[in-house]
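Novice: Provided herewith is a single structure, encoded as structure tokens, for subsequent inquiry.
The values are calculated or read from the model by the stated rules, or taken from the named source; none is laboratory data. Because the structure is predicted, anything quoted here is derived from the model rather than measured. With ideal geometry, Cβ positions are generated from the backbone for all residues, glycine too; neighbour counts draw on all protein chains shown. Heavy atoms of the whole protein, side chains included, go into the accessibility calculation; ligands, DNA and RNA do not. Shrake-Rupley method; radii C 1.70, N 1.55, O 1.52, S 1.80 Å.
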Amino acid sequence: MLEHMGLKVIDEVPYAIRPRETDTDLVMIHDFGMATRDRSAVDVRSARSNFKDAFGRIWRGEMESDGFNALVLFAGLNWREVTVLRAYCKFLRQVGIPFSQAYMEQTLTNNPRLARLIVNYFQALFDPHRGGDSARRAERVRRELDVALDAVSSADEDRILRRFVNAIESTLRTNAFQRDDGAPKERLSLKFDSRALDELPLPRPMREIFVYSARVEGVHLRFGLVARGGLRWSDRPEDFRTEVLGLAKAQQVK
């Protein structure tokens, strides 16, 4: 978990605690000595809150443990912002992007400023709580993104980052900013204009909704405003969209 968060564990010192004033049998405290994996400096004070929150959610199974979590330290993102990027990555994998999740994780951690700008762009487009002129704000962030993308030297990284931007621009609606008992919803939904997505396999649906959480992923495809529905559990986690697309094609023929 700690290594996925961009750290390298140097040592571990365990302490056994037996409180005298309680009936607790034994409490163990593990003191870890750590450094960032690339030995870069991190502002611990500013990262403390996001790091503790993300670590707790990973520990409780509310957040996946993978390389995206390094963005908490390297890009200054909170757990929800990391989850948004992870959800877009999972969607891009379903629509056939020719890059592994590990490579996309590495690309974003190699370009922390761009990762931050991509999140800012998503928030500028969809966060209803920010107020003001959202279109102007989004346009300003988009210009910053264009300048930063032009400076990316790796062709693969440039292609990956632009696919993230395109996926965000193809998003019509999201529940990312809705609240459930005062907290962000655990399940993240993204509704896409499928025909605006780059390199999408044919046939292209009219709309699709991708749902992501640490426990389940799903997709809903529609070829028209009026369409037949169905529910299916897939045992193909790497390409369940392909399976659903085949079923939707069969319904379209009928």
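Novice: Give the angle, between 0 and 90 degrees and rounded to the nearest 10, that separates the Cα long axis of helix 134-150 from the longest principal axis of the Cα atoms of the chain.
Specialist: 80
Novice: A follow-up question, please. Expressed as an acute angle from 0 to 90° and rounded to the nearest 10, what is the orientation of the C-alpha long axis of helix 44-59 relative to the principal long axis of the chain?
Specialist: The angle comes out at about 70 degrees.
Novice: Then there's this: Measure nothing but the geometry: give the 0 to 90° angle between the long axis through the Cα atoms of 155-169 and the longest principal axis through the Cα atoms of the chain, rounded to 10°.
Specialist: Compared with the principal axis, the helix lies near 70 degrees.
Novice: Here's something else I'd like to know. Return the long-range amide H neighbours of MET206 (sequence gap of 5 or more, or a different chain), with a cut-off of under 5 Å between placed amide H atoms.
Specialist: Hits under the 5 Å cutoff: ARG222, PHE223, GLY224.
Novice: Using only the alpha-carbon atoms, what does the stretch 17-76 span along each of its principal axes? Please give whole angstrom values in decreasing order.
Specialist: 43, 26, 18
Novice: Separate question: Read phi for every residue in the stretch 176-182 and hand back ³J(HN,Hα) as whole Hz from Karplus 6.51 cos²θ - 1.76 cosθ + 1.60, θ = phi - 60°, with x for Gly and Pro.
Specialist: In residue order, the calculated couplings are 4, 10, 6, 10, 10, 6, x Hz.
Novice: Give me the orientation-averaged projected area of the Cα convex hull of the stretch 119-254, in nm², one decimal. Could the numbers behind the result be given before it?
Specialist: Numbers: hull surface 41.9 nm².
Result: a mean projected hull area of 10.5 nm².
Novice: Another question, if that's okay. What FRET efficiency do you get for ALA35 and ASN78 if R0 is 35 Å and r is their Cβ-Cβ distance, rounded to the nearest 0.05?
Specialist: Computed FRET efficiency for ALA35 and ASN78: 0.95.
Novice: Going by the alpha-carbon gyration tensor, a ≥ b ≥ c the square roots of its eigenvalues, is the chain rounded (a/c under 1.5) or, if a/c is not under 1.5, prolate (a/b greater than b/c) versus oblate?
Specialist: Values: a/c = 1.98, a/b = 1.53, b/c = 1.30.
The shape class here is prolate.
Novice: Provide the gained length on full extension for the span VAL44 to GLU3, in nm with one decimal, where the gain is 0.36 nm per separating residue minus the Cα-Cα distance.
Specialist: Result: 13.1 nm gained on full extension.
Novice: Right, here's the next one. If I stretch the segment between ARG20 and ASP53 completely, what's the gain in nm (0.36 nm per residue apart, minus their alpha carbon distance), one decimal?
Specialist: Roughly 8.8 nm would be gained on extension.
Novice: In whole percent, what relative contact order does the chain give with Cα contacts below 8 Å and a gap of six or more residues?
Specialist: Averaging sequence separation for qualifying contacts and normalising by length gives 13 percent for the chain.
Novice: Same structure again: Reported to two decimal places, what Rg/Rh ratio describes the stretch 13-141 when computed on Cα atoms with Rh from the Kirkwood expression?
Specialist: Radius of gyration over Kirkwood radius for the stretch 13-141 works out to 1.09.
Novice: Please report, as a whole percent, how much of the solvent-accessible surface of the chain comes from carbon and sulfur atoms (probe radius 1.4 Å).
Specialist: Numbers: 7180 of 14510 Å².
Carbon and sulfur: 49 percent of the exposed surface of the chain.
Novice: Using a 1.4 Å probe, what is the accessible area per residue for the stretch 121-184, in Å²?
Specialist: 56
Novice: Further question on the same structure: A 23 angstrom limit on the alpha carbon distance is what I want to check against. Which of LYS191/LYS254; LYS191/LYS249; LYS52/LYS90; LYS90/LYS191; LYS52/LYS191 exceed it?
Specialist: LYS191/LYS254; LYS52/LYS90; LYS52/LYS191
Novice: If r is the Cβ-Cβ distance from LEU225 to ARG159 and R0 is 41 Å, what FRET efficiency results, to the nearest 0.05?
Specialist: Rounded to the nearest 0.05, the efficiency is 0.80.
Novice: I'd like the accessible area for LEU117, computed on protein heavy atoms only with a 1.4 Å probe and all protein chains in place. Round to 10 Å², please.
Specialist: The accessible area comes out at roughly 10 Å².
Novice: Length gain on complete extension for the stretch ASP146 to LYS185, per 0.36 nm per residue less the alpha carbon to alpha carbon distance?
Specialist: Details: separation 39, 0.36 × 39 = 14.04 nm, distance 3.12 nm.
Extending this stretch completely gives an extra 10.9 nm.
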